[in-house]
Every structure is written in structure tokens, then in C-alpha cells.
Amino acid sequence: MPKTEQWQWYVEEFSPTETHSHAIDEVYYAGRTPFQSVGVIRTPVFGKMLILDGDTQSSQNDEKIYHESLVHPAMAGAADRSDVLILGGGEGATLRDVLRHPDVKRCTMVDIDGKVVELSKQYLPEWADGAFEDPRAHVIIGDALAFLKTDKDRYGVIISDLTEPLEDSPSNILFNHDVFKDIKARLADGGVYVLQASTAGFHNMSLHAKMARTLRAYYKHVVSFYTHVPAFDNDWAFIACSDRIDLSTLETAAVDAYCAQLKGENYFYDGQTHRRIFSLPLYLRRELAKPGETF
Ligand code: SAM
């Protein structure tokens, strides 16, 4: 192993005073699309990584922790999984995990950035693992905002796998009351809407709490859950919304029975993991109970 000073580094800034540095083995792509800056690199510990606007999106060696958490609790709790919608989802791993369930007849994925999808197919094919070629996949390159305004279908599961709604991000326009209303209108009765919902790291839970607070105006059950994602060097949070089911109450045996229906084996998620990721520490429960800003 070369010494520290001989490496090139990718330094992810969580805030002006907190960073995580990844040594770089190889840079496959570094450039800008009309929507965001894109990096595709390889690091010694995490393997290949996708970076958008300076933020790690996923890594080869631990992406299953993120994607299984995002997809499977919602799918396990959904009454109808035949038609699923993904907002964002560039790398294709969310699509892959949805299509692992035999009930799925169609999965529509809408990502604004064709270049990110193209780079993922070229450099990160392990993520989609053939999902882009599955006849049930319906991939639309376009703005999720425009899609939600024109689409007339209703989905048993809607998964938001968008970049964080930071000021310059193309996802920023998707976090407001109008769009939350549009998403609810596209959700079938009793359906589940799940979103990747920023960090639950103790240093910065405010964006996550703001999302949860806002969504409570739309759904009977708005449940946060989280897991540590090593490549993010952060506790990563998700929110599951539904009028029918509180996902935290799913029984271990029911989750295991759902997982047994999936094609291939899970890496991270099962009944026991479900209990762990839906058990929130006191400081996070307190933060979520506080009144505060909404979108
Ligand atoms: N795991 C990720 C994270 O940590 O933030 C999110 C994964 S995925 C790569 C995010 C995708 O959202 C990107 O491919 C980006 O192009 C897409 N996206 C951002 N804004 C969008 C919009 N307005 N409409 C559709 N897709 C959008």
C-alpha cells in the first residue's frame, strides 16, 4: 500500500467542518452533465463509486445495504406490488431490487440524467445486474416533476431515490407541497411511498426531520428508519409513508416470508434486520417529535 501522501484523494464534505477521504485507485469518468457534476472512481475499500455534485451516491461493496433498505421494507408491506414507480434511481440498483420480486409486472423508473444512466451501464453494470434489459423495466429519461404532472397511472409502491434536495441539485424542485400532493395522487389506495431521506447522523438530522414533518400532513403513517452506510460514513435515513400500514409493525416472520419470495439472496435485509432498522434511538425520536420547519 502506498503511503498516505502518495495517494490521490476524493474528499467528501459533509459540512464545512466534517469530511471523509477516500483514496482513489482509478478515475473512470469525471465531468459535468447539464444537471450535475459526475465522478465514477474506484477506491481500495469500497470498490467503484458514483459521486454526484460531490456526494457519494453508492459504492460497489456496500450498495446493497442502501438499496435493500430503500426497496424491500416498502415492497414487503405493500398490498399490491404489480406496478412500481421509481423517481431517480440512476445506477439501476433500485430497479434491480424491485424486479427481484415475481409479483412485479412493470417497474417505471424516471431519471432526469441520461448521462448518469449511461455511465452506470458502462462502468457500474454490477448495480443493475441486467435490470435495464428486463422486459418489465420501463426507463424514462426525464424530469420526475414533469412526469408526475402528466402521468395518469397509480402505483402500489412509489420509491423516491433522488439526490438530496440541496440548493443546486436537480431534485430540489421535487421537495415541496405541490409535488408531495402529486405523488400521493399517483399512489394506489393503501400503497406505500418510500424515500431516501438524508442523513440521520447526530450532527445533522434537520433535513430528515423536516421531510418527516412535512409528510405527516399527507399520510396516516410516516415512519423513519435508518442504517449505517459505510461508504457514506453516515447513518442513512429513509421514510415510509402509507395510509394503510405502519411499516415498523411488520412481523419478523412476515418479512422473512417476503424475502423468501425474492429471486436470489439478500445481503442485508431480513426479518431481524427489519427490527433493527426500524428501532430508532431516543435522540432521533426526540428530534422527530419536535415542532419545526416544513417544506
Ligand atoms: N443513493 C443516492 C443518494 O445517496 O443520494 C440517490 C441515488 S440516484 C444516483 C439519484 C438520481 O436522482 C440521480 O441519478 C439523478 O439524476 C436523479 N434526479 C435528480 N433530480 C431528478 C429529477 N428532478 N427528476 C428525475 N431524476 C432526478
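The values are calculated or read from the model by the stated rules, or taken from the named source; none is laboratory data. From a predicted model like this one, the values you see are computed outputs, not experimental measurements. In this analysis, Cβ positions are derived from the backbone assuming ideal geometry, glycine residues included, and neighbour counts consider all displayed protein chains. Ligands, DNA and RNA are excluded from the accessible area calculation, which covers all protein heavy atoms including side chains. Shrake-Rupley method; radii C 1.70, N 1.55, O 1.52, S 1.80 Å.
Quick notes on this structure:
Each row is one residue, and each column tells you yes or no for (1) more than 15 Å from the ligand (Cβ to nearest atom); (2) among the aliphatic types (A, V, I, L, M); (3) in contact with a helix residue (DSSP H, G or I) (Cβ under 8 Å, 6 or more places away or on another chain); (4) over 21 Å from Q36 (Cα atoms).
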| position | (1), (2), (3), (4) |
| --- | --- |
| I65 | no, yes, yes, yes |
| D103 | yes, no, no, yes |
| D129 | yes, no, yes, yes |
| E133 | yes, no, no, yes |
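- The set of residues in the stretch 129-149 that are open to solvent by 30 Å² or more (accessible area, probe 1.4 Å) and among the small types (G, A, S) comprises G130, A146.
- Every pair of residues 6+ apart whose Cβ atoms lie under 7 Å, when the first sits in the stretch 23-48 and is closer than 22 Å to L162 by Cα and open to solvent by 60 Å² or more (accessible area, probe 1.4 Å) while the second is within 13 Å of the ligand (Cβ to nearest atom) and not aliphatic (A, V, I, L, M): A30/G39; F35/D113; F35/P170
- Among the candidates A137, A93, residue that is in contact with a Cys (Cβ under 7 Å, 6 or more places away or on another chain) and either near the ligand (Cβ under 9 Å from one of its atoms) or more than 18 Å from G191 (Cα to Cα) (or both): A137
- Any hit, the stretch 5-21, residues being surrounded by fewer than 12 Cβ atoms within 10 Å (Cβ to Cβ), among the hydroxyl-bearing types (S, T, Y), without any contact (Cβ under 8 Å) to a residue 12 or more places away in the chain and out of contact with any Cys (no Cβ under 6 Å at 6 or more places or on another chain): yes
- Counted residues, the stretch 150-167 - those being in a loop (DSSP other than H, G, I, E, B), at pLDDT 95 or above and buried (at least 17 other Cβ atoms within 10 Å of the Cβ): 3
- Considering K115, K181, the condition of being within 12 Å of the ligand (Cβ to nearest atom) and assigned by TED's automatic domain parsing to the domain that holds L262 is satisfied by K115 alone.
- Answer residue from the stretch 168-178, given it is surrounded by fewer than 18 Cβ atoms within 10 Å (Cβ to Cβ) and not in a loop (DSSP other than H, G, I, E, B) and is nearest to the ligand (Cβ to nearest atom) among those: I173
- Inter-residue pairs, beta-carbon under 6 Å, first in contact (Cβ under 8 Å) with a residue 60 or more places away in the chain and assigned to a helix (DSSP H, G or I) and in the stretch 82-102, second open to solvent by 10 Å² or more (accessible area, probe 1.4 Å) and within 16 Å of the ligand (Cβ to nearest atom), 6+ apart: T94/D161
- Here no helices (runs of 4 or more DSSP H) wholly within the stretch 183-287 include at least 1 residues being open to solvent by less than 20 Å² (accessible area, probe 1.4 Å), closer than 25 Å to N61 by Cα and modelled with pLDDT under 95.
- D80 at pLDDT 95 or above, under 30 Å from S248 (Cα atoms), more than 9 Å from the ligand (Cβ to nearest atom) and open to solvent by less than 10 Å² (accessible area, probe 1.4 Å): no
- In the set (1) touching a Leu at 6+ places or on another chain (Cβ under 7 Å); (2) outside the structural domain of A76 (by TED's automatic domain parsing), C241 fails one condition alone, (2).
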